[in-house]
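Have a look at the structure below before the remarks.
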Amino acid sequence: MLNVLLANLPLLLKGAVVTLYLSAASAALAAVIGVAVALLQLYGDPVTRAATHVYLYVMRGVPLLVLLFAMYYMLPYTGIDVGATAGGIIVIALYFGAFMAEVFRAAILSVPRGQWDAARALGMYGRLLMLIVVVPQALRIAGPPFVNTCIMLVKGTSLVSIVGLWEVTMAGRQIVERTLAPFQVFGGVAAVYFVICYCLSRYGRWLEKRVSYVH
Amino acid sequence: MVAVRGVSKWFGAHQVLKDVSLDVAAGEVVAVIGPSGSGKTTLLRCVNLLEDFQQGEIRVDGEAVGYAGAGAARRRLPERVIARTRSQVGMVFQSFNLFPHMTVLKNVMVAPVRVKKMPEAEARASAVRLLERVGLADKLDAYPARLSGGQQQRVAIARALAMQPKVILLDEITSALDPELVGEVLAVIRQLARDGMTMMIVTHEMQFAREVAQKVVFMDGGAMIEQGPPRALFADPRTERLQTFLKRFREGYQL
Ligand SMILES: Nc1ncnc2c1ncn2[C@@H]1O[C@H](COP(=O)(O)OP(=O)(O)OP(=O)(O)O)[C@@H](O)[C@H]1O
Ligand SMILES: [Mg+2]
């Protein structure tokens, strides 16, 4: 029964490593996009604000799979070629970056007015005020919902297998084709995602506890 | 030290300050009293430009706050210049507004180090001294959430003092405190007054205003109605509005 799984475990684990890599890379990129878009939304000029608005609504209104299809089937016609892996990472980052932008925007807005007042009254302004007073508090607030978005992102990476990228879901599909044992194999694939997301969840919980300012 | 000249401010169509003028001399304590919504907080926040104002002029130690030029040529000064002015004007808020992610010591040190570029060791020594002065020498490494309201407010006072401000603005700093904690905060302010600190104090504690202030300013409906030495003002209010306010206040007090 479990022999199939054991025999193919190295391949599955190799896929898991690729999934981890895809997730980490696109989460990091998504976080950068999220912070940038959030800041542009809040403090940008009208033009960048409008542009980021369009971006947010497109990303929220179009399924990730459709974006991936668009990338893989349409981009070659434009002559842009970033390679399949990088393309997948960019699409996932763009998609979840929109959600992270909302997380960071909400976090910055939830830093109480009085904190800004106090910082300004002490002579802080601009970047110093953001860096010393607003960002540290916003990051604490953003922590748990950020981790949550990362969990969605990890699961989202499974979609790239549909457009031909090799990672753990794709590895599973290949093993099933060979072994005809879908239950065991996809059970193993599911376990990989579950373990990653479970660890993230626990980390999120731990962060949540640390968010309170009682030390 | 502070000169307010003909300041008017609108929130949209609603005028909240009407041609307000007043002076705070160096070393003087001025108490601002008046009913809720009379514009006391707004006036204080104009002095360090936490609020914009549309007309008039405010000077701190001779320097114009926030704006240059008059009439059509009036323009807001750059943020850098405004920030410099603010760094010379301390403010203590009703809700403390300590930085929750910093220890007590860090709260007091951070502005001198980052804004004034004071050497870290010097800032630390001065912060410790100030915290001793407000009776919190044993709380240096505590986070604000661990402190009582009265302790938090005393840290906030030390934080304002750390910038060596020319004047301190205090906005109902005991209103959010449990009654038994009011005394410890007022004691600190009393001591500051004796040390010759220039202060503008918005307060509902009439007894305190009478005792600590050299001048009391009564505001109502956004306008400065009456001002004078506390004894005269409380004993012999000239305007009907102040009479009504004091009467209502005494009745409220006795209830
Ligand atoms: N941000 C704001 N936007 C619009 N109106 C405001 C704003 N802040 C204050 N006001 C209005 O300005 C007026 C003066 O308010 P202010 O807070 O200065 O009064 P106050 O004398 O400090 O009152 P209190 O004793 O209740 O603190 C009030 O009518 C208030 O509703
Ligand atoms: Mg007020």
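Summary of values
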quantity	calculated
Computed E for B:Ala25/A:Leu139 - FRET, C-beta separation, R0 35 angstrom, nearest 0.05	0.20
Paramagnetic label zone (point 7 Å from Cα along Cα-to-C-beta, A:Val211; backbone N under 18 Å) in the range A:98-112	A:99-112
Size of electric dipole in chain B: Cβ of Lys, Arg +1 and of Asp, Glu -1, about Cα centre, debye, nearest 20	600 debye
Simple Cβ-charge dipole of the range A:2-214, Lys/Arg +1 and Asp/Glu -1, about Cα centre, in debye nearest 20	540 debye
Label-reachable residues, the range A:16-38, where backbone N falls under 20 Å from a point 7 Å from A:Val195's Cα toward its Cβ	A:16-25
Gaussian network model of chain A, Cα within-10 Å springs - most flexible of A:Thr157, A:Thr19, A:Thr179	A:Thr179
Residue (of B:Ile225, B:Thr239, A:Pro145) at the positive-pole extreme of the protein assembly as shown, dipole from beta-carbon charges	A:Pro145
D (Stokes-Einstein, µm²/s), Kirkwood Cα radius, the range A:86-187, 1.567 mPa s at 4 °C	78 µm²/s
Interface residues, the range A:129-161 - accessible area loss of 50 Å² or more versus chain alone, probe 1.4 Å	A:Ile132
The range B:176-197 residues near the modelled B:Glu211 label - backbone nitrogen below 12 Å, point 7 Å along Cα→Cβ	B:182-191
Cross-link table B:Lys40/B:Lys117; A:Lys209/B:Lys106; B:Lys18/B:Lys215; B:Lys18/B:Lys247; B:Lys117/B:Lys215; B:Lys215/B:Lys247, entries beyond 31 Å C-alpha to C-alpha	B:Lys40/B:Lys117; B:Lys117/B:Lys215
Extended-chain gain in nm, criterion 0.36 nm per residue less alpha-carbon gap, B:Glu122 and B:Arg231	35.0 nm
Accessible surface, the range A:130-215, averaged per residue in Å² (probe 1.4 Å)	52 Å²
Efficiency of FRET from Cβ geometry, A:Met152 and B:Gln191, R₀ 45 Å, rounded to 0.05	0.20
Bridge type composition, the protein assembly as shown - antiparallel percent by DSSP, nearest 5	55 percent
Label-point separation in nm, A:Val163 to A:Val54, each point 7 Å along Cα→Cβ	2.1 nm
Dipole in debye (nearest 20) - the range B:118-255, about Cα centre, beta carbon charges: Lys, Arg +1; Asp, Glu -1	280 debye
FRET E, pair A:Val17, B:Ala13, Förster distance 45 Å, beta-carbon r, rounded to 0.05	0.10
Carbon/sulfur fraction of accessible area - the protein assembly as shown, other protein chains in place, 1.4 Å, %	60 percent
Sum of -39500 (n - 2.57) over DSSP H runs of 4+, divided by residues of chain A (222 nm, nearest 500)	-26000 deg cm²/dmol
Buried solvent-accessible surface, both chains (A, B), 1.4 Å probe, Å² to nearest 100	2100 Å²
Surface accessible to a 1.4 Å probe, per residue, for the residues of chain B, Å²	44 Å²
A:Tyr95, A:Tyr198, A:Tyr125, A:Tyr77, ranked by accessible area, largest first (probe 1.4 Å)	A:Tyr77, A:Tyr198, A:Tyr125, A:Tyr95
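The values are calculated or read from the model by the stated rules, or taken from the named source; none is laboratory data. This is a predicted model, so every value here is computed, not measured. Cβ atoms come from the backbone with ideal geometry, glycine included; neighbour counts cover every protein chain shown. Heavy atoms of the whole protein, side chains included, go into the accessibility calculation; ligands, DNA and RNA do not. Shrake-Rupley method; radii C 1.70, N 1.55, O 1.52, S 1.80 Å.
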